[in-house]
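Please read the structure below before turning to the comments.
The values are calculated or read from the model by the stated rules, or taken from the named source; none is laboratory data. Just so it is clear, the model here is predicted, and its values are computed rather than measured. Please note: Cβ atoms are built from the backbone with ideal geometry, for glycine as well, and neighbour counts cover all protein chains shown. Quick note on the areas: whole protein, heavy atoms, side chains included, nothing else; ligands and nucleic acids left out. Shrake-Rupley method; radii C 1.70, N 1.55, O 1.52, S 1.80 Å.
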Amino acid sequence: MSHGSSPKPLTTRAAGPLTGTIRVPGDKSISHRALMFGALAVGRTTVTGLLESEDVLATGAAMRAVGAKIERQDDGLYVVDGIGLGSLLEPESVIDFGNAGTGVRLTMGIFGTHDIAATFVGDGSLSKRPMGRVLDPLREMGTNVIARSGDRLPASIRGAKQPLPLTYRVPMASAQVKSAVLLAGLNCPGETTVIEPIATRDHTEKMLAGFGADISVTLNDAGERVIKLKGQPELKPQDLEVPGDPSSAGFPIVAALIIPGSDVTIENILLNEHRTGLITTLIEMGGDIEIVNRRHSGGEEIGDIKVKASQLKGITVPAKRAPSMIDEYPVLAVAAAFATGETHMPGLDELRVKESDRLAAVARGLEANGIPCVEGEDFLTVTGGANNIGGGTVVTHLDHRIAMSFLVLGMASHKPVTADDGAVIATSFPTFTSLFSELGAKVQETPSEAA
């Protein structure tokens, strides 16, 4: 797992235009869910294009721990022989999720309504992140919980013998919380309802429907999404193809926009409307971005993204857009450093509870590289166009997106930029260095200082 590996500083420097056609790894959100739902179905599910990152592989290990059989074939196809709802075995040892916030929270939802006990641990970063947002509704459904103060990992749960269906209003814009409650509702008798005041990514709803669950999504009079799930369905196995991760695509997209002369195509990217906020924002900033070859697969829209170097301008990003691009604000901040004028990003309180205090980490990284910014409690304002930027070392705080974002900064800066730990990138984008090298970027391990 990432928390057991040694830090590996990486440095990037300007090396001319990026050119070429690439595919980024499979979408992380869909990859997690593909393994989970395959494990809960009765029969054999196949998955192509699975993101083979530490986060997703941790989810696979958790599903194996409760009895699912998951095998990787030589051609990269994953075969999942599911055990069915209500048939989970009790894990024989603790379940280590490393840095995987999505994995641990959704798995808590699944386990919380099965009559088994399980203990969850994670790395230093994950152990600081709040789990109460998931554990509180699980308690209402009958799950017993023992956790560190503040409902942080390590945490042990004992699933409910007779779980209770729940009507739950999600108190924050969080696809993880919504999904955890729905997954808990799968093994409850009756109907579980989740009310979502602010719409978030809807992969769980779409994939549950694809696996045969009885799920409906409507809008109430207040315009809130109301999701109703009938419990204890027999999920049917599927053959799934995982499209490219739009969050991972954000790094080559921004790099191509800010490095003069660049012309890059990124193929087979998920275009779910709840995941394209970064693309919408960059186009509003003047980015030359074209989406071609739009098509549908597995209930999701996918397409190819063509990007050319552009002169960006600062804008105010609507706060309501934050849920659709919450993971992409670090790399957007890098784009803003090369835009003319100010880019104001409000509504970022959720960044305080990501893999790191991501808002603070971004601000410190910008400052370390001579880029003016103002960090508020829930906003960030970046002033672009500074001269002689770069030259700093960024503290990543075990956060893969901080590392990758500032490595993109170094590719376009006047001076090299170093991320203090590139090893964490394997959490979500294990081919980051090789793909950028294909496009012409220079990503190098930082020589260690002499003793």
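Here are a few things to note about the model shown:
- With every protein chain in place, the chain: carbon and sulfur % of accessible area (1.4 Å): 49
- Across segment 386-413, the residues whose backbone nitrogen lies under 20 Å from the label position 7 Å along the beta-carbon direction of V94 are 398.
- Cβ-Cβ FRET estimate between D74 and S434, R0 fixed at 22 Å, reported to 0.05: 0.65
- Descending Cα extents along the principal axes, segment 18-175, whole Å: 50, 39, 31
- Amide N of segment 366-391 lying under 20 Å from the label point, which is placed 7 angstrom from the Cα of K313 along Cα→Cβ: 381-386
- With R₀ set to 30 Å, the beta-carbon distance separating H296 from M172 gives a calculated FRET efficiency near 0.45.
- Using the Cβ of G26 as centre and a radius below 11 Å, the other residues enclosed give a net charge of -2, where K and R count +1 and D and E count -1.
- With all protein chains modelled, accessible area of M207 [1.4 Å, Å²]: 20
- Based on C-alpha pairs under 8 angstrom that are at least 6 apart in sequence, the chain has a relative contact order of 20 percent.
- For E71, solvent-accessible area (1.4 Å; no DNA, RNA or ligand), Å²: 100
- Once the Cα gyration tensor of the chain is diagonalised, semi-axes √(5λ) in Å: 36, 22, 22
- Per residue, in Å², the accessible surface of the chain once ligands and nucleic acids are set aside, probe 1.4 Å: 37
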